[in-house]
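One structure is given here, and the rest of the page talks about it.
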Amino acid sequence: MTYKDKRIGVVVPAYNEEKLLGRTLSTIPEYVDRVYVVDDCSTDKTGEIAGEFAADPKFVCIRHEVNKGVGAGIISGYKRAVGDEMDIIAVMAGDNQMDPDQLTALLDPIAEGRADYTKGNRLLNSDYRKGMSKWRTLGNSILTFLTKVGSGYWQIMDPQNGYTAISRRALERVNPETIYPWYGYCNDLLVRLNVYGLVIMPARYGEEKSKIRYGKYIPKVSWLLLKDFFWRLKMKYVILSFHPLVLFYMLGIFLTSLGLFGGFYSLYYKFMLNGSIFIRGALSMLLFIIGMQFLLFAMLFDMQMSDGCDRSFSAYGTK
């Protein structure tokens with residue numbers, strides 16, 4: 001059985017999901033050709049439940065002997081799916097929060113050649129936004145902005161969403177082995193997709209509740225995105241081709257940082273050494289303003305360069 005002449009694989013990463021894994025696997029649509037259940041060294045009965053489905057050749061059970069992280073689990077599933085020549089590989093978490101009825105919203109743009117990668121967008125659901133706490137809304141907004149800057153996909157929303165689908169062609173281009181193995185894998189993958197000019201689309205779907213602990217997640221992923229940002233600039237705008245926006249980014253970062261440093265020093269000079277702040281403060285402000293202009297121009301050029309790789313798509317429905 002195929003879906004629009006495409007072989008469909010679904011990766012189900014699972015860590016201690018004995019309560020919901022069985023329900024998740026039993027509701028995966030019939031048109032899916034292969035399901036890759038990745039037990040990330042669970043300490044409960046997750047492995048046993050996965051094994052109960054293994055009698056059906058449609059289900060492939062993969063177990064990690066040590067806990068490697070959700071990203072590593074997805075990578076293991078991706079590698080097996082590529083080896084089995086699946087045309088499109090989706091990801092559905094083992095906690096039954098991702099609505100299988102909405103899987104077609106992720107598959108269709110890829111099957112029809114309109115996208116290389118699709119991901120769910122909970123923020124298009126007004127009920128989900130109303131249910132988010134102020135802290136979670138702030139955390140999601142910060143990570144969304146950092147991911148936009150780091151990845152170059154300026155239209156992306158809800159980048160932490162794990163309900164995704166990707167073409168085999170895209171996976172072969174980015175090399176799954178290079179993807180970050182822990183939480184943050186989805187942000188890291190977006191950066192790599194952008195470098196190779198692959199097209200992504202967001203798809204609206206139901207009411208998945210995020211399990212991210214933003215207090216720990218934001219600092220870790222922020223550092224990851226900072227490194228990814230400079231890697232993307234080097235690869236996309238220096239090595240693979242050249243664009244002057246990389247110079248705008250570098251000058252902007254340098255002058256803005258210099259302006260901030262000068263501003264703090266001016267305050268120190270004024271209040272600790274009783275010196276005049278006017279000349280030092282004015283020069284620092286000028287450097288900061290010029291640096292911000294360079295950064296804004298760089299972002300504008302970046303948006304223009306990424307235009308066409310980041311498209312809008314919406315599919316309605318909730319679980």
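Remarks
- Qualifying residue in segment 217-227 (condition: hydroxyl-bearing (Ser, Thr, Tyr), free of Cβ contacts under 8 Å to residues at least 40 places away in the same chain and surrounded by fewer than 20 Cβ atoms within 10 Å (Cβ to Cβ)): no
- Subset of segment 270-289 (residues that are surrounded by fewer than 16 Cβ atoms within 10 Å (Cβ to Cβ) and part of a helix (DSSP H, G or I)): 270, 271, 278, 279, 282, 283, 285, 286, 289
- Residue, nearest to residue 119 (Cα to Cα), within segment 1-33, restricted to residues that are buried (at least 17 other Cβ atoms within 10 Å of the Cβ) and of a type in the set (Gly, Ala, Ser): 9
- Selection count where residues are of a type outside the set (A, V, I, L, M) and loosely packed, with under 14 Cβ neighbours inside 10 Å, scope segment 137-156: 3
- Taken over segment 102-133, the criterion of being modelled with pLDDT of 90 or more and surrounded by fewer than 16 Cβ atoms within 10 Å (Cβ to Cβ) is satisfied by 112, 113, 114.
- Every condition in (1) under 13 Å from the mean Cα position of the chain (by Cα); (2) without any contact (Cβ under 8 Å) to a residue 24 or more places away in the chain holds for residue 137 except the one numbered (1).
- Scanning segment 61-101 for residues that are at positive phi and either at pLDDT 95 or above or not in a loop (DSSP other than H, G, I, E, B) (or both) yields a single hit, 85.
- Residue match in segment 164-177 (condition: among the acidic types (Asp, Glu), at pLDDT 90 or above and not in a loop (DSSP other than H, G, I, E, B)): yes
- Of all residues assigned to segment 157-179, at least one qualifies as being touching a strand residue (DSSP E or B) at 6+ places or on another chain (Cβ under 6 Å), crowded, with 24+ Cβ neighbours inside 10 Å and either of a type in the set (A, V, I, L, M, F, W, C) or free of Cβ contacts under 8 Å to residues at least 40 places away in the same chain (or both).
- Long-range neighbours under 7 Å by Cβ, at least six apart or interchain, first residue closer than 12 Å to residue 280 by Cα within segment 247-262, second surrounded by fewer than 17 Cβ atoms within 10 Å (Cβ to Cβ): 259/285; 262/283
- Subset of segment 134-163 that is assigned to a helix (DSSP H, G or I) and of a type in the set (Val, Ile, Thr) - its residue that is modelled with the lowest pLDDT: 137
- Residue in segment 110-129 that is of a type in the set (Gly, Ala, Ser), under 24 Å from residue 192 (Cα atoms), assigned to a loop (DSSP other than H, G, I, E, B) and without any contact (Cβ under 8 Å) to a residue 60 or more places away in the chain present: yes
- Of all residues in segment 290-319 being among the acidic types (Asp, Glu) and not in a loop (DSSP other than H, G, I, E, B), the one that is modelled with the lowest pLDDT: 310
- Pair list, Cβ < 9 Å and 6+ apart or interchain, from segment 18-37 residues that are closer than 19 Å to residue 85 by Cα to residues that are assigned to a loop (DSSP other than H, G, I, E, B) and among the hydroxyl-bearing types (Ser, Thr, Tyr): 31/2; 33/2
- Screening residue 36 against (1) among the aromatic types (Phe, Trp, Tyr); (2) closer than 25 Å to residue 179 by Cβ; (3) surrounded by fewer than 24 Cβ atoms within 10 Å (Cβ to Cβ) leaves a single unmet condition, (3).
- Residue in segment 26-49 that is in contact with an Asp or Glu (Cβ under 7 Å, 6 or more places away or on another chain), closer than 23 Å to residue 5 by Cα and outside any helix (DSSP H, G or I) present: yes
The values are calculated or read from the model by the stated rules, or taken from the named source; none is laboratory data. Everything numeric here is computed off the predicted structure, so don't read it as measured data. Ideal geometry is used to build each Cβ from the backbone, glycine not excepted, and the neighbour counts take in all protein chains shown.
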